[in-house]
Amino acid sequence: MRVCVGLSATVAAAMGRVCLAQFTPFDGTAQWQASSDGGVSWAPSIAVPQSTASVLVRLRLEWSHPTEHAILAGTQFDVVVHSLSGGFSDSASAFGSENPVWPYLGGANFAATRFGDLLKIDRTTDTQPPGFGPNWIIPIQDPYEMDPTHLENPTFVFQYRLDLDGTPGVREASCVFSNSVNHPGRPIALWVHTAGFSTSGYATAALTPATITVVPAPGCAALMLATFMAPRRRR
């Protein structure tokens, strides 16, 4: 049984209930993090040598309110990896979550699709550019009354492996959130547990991308410098 969290008209219809118009406002953050050591340590910005085959990337959500306690109800987004240094052919795999018991609406069948310098991760049924297709990645969670085991704040709702092609340069890992139909600018839906039952809350999502810098090997760096300096020597 799934309960409506007011993410969008699509989610509302899928969950089979009418979303509540009244809600508690929260301030939230959405931070992408990367790891080069298999998930032992995480940071919003990492640098790896050119020989690195892959890194892990995850989305961390957090929210706060001066008086209310809340747990994640759900959110929806398209994952985007952007090459800030020009062409690359990275791919992505090993999609999932650190909280595997959380269901993904519509099933956890994800794929990476390239649009020029953009790599989009989404449901396999959506191959349109980020933010324009019919589907999203949608992690959802039951309210406290139905499942009191998941109270994490912050929490990590999506993770993938970015398979690097070895091209030096900077990758930016981020996402495009779907705005709630009823509460624009508040894409994180929450269950607010008060007086023995749950009501709805919605949080903003101040977004921080993760950056992965692939550093050229020493020999390649020297060659690049020599190539850059050669025309100047002729002058």
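In this structure, Glu145 and His65 have a Cβ-Cβ separation that, at R0 = 22 Å, corresponds to a calculated FRET efficiency of about 0.65. For Thr194 and Thr124, the difference between the fully extended length at 0.36 nm per residue and the C-alpha to C-alpha distance is 21.4 nm. Counting neighbouring beta carbons within 10 Å and listing from fewest to most, the residues Asp147, Asp163 come out as Asp147, Asp163.
Lys and Arg at +1, Asp and Glu at -1: add these up for the other residues within a Cβ distance under 10 Å of Pro25 and post the number. With Lys, Arg at +1 and Asp, Glu at -1, the neighbours total -1.
Taken together, the values in this text are just the output of simple stated rules run on the coordinates, not laboratory data. These numbers come from a predicted model, not from an experiment. With ideal geometry, Cβ positions are generated from the backbone for all residues, glycine too; neighbour counts draw on all protein chains shown.
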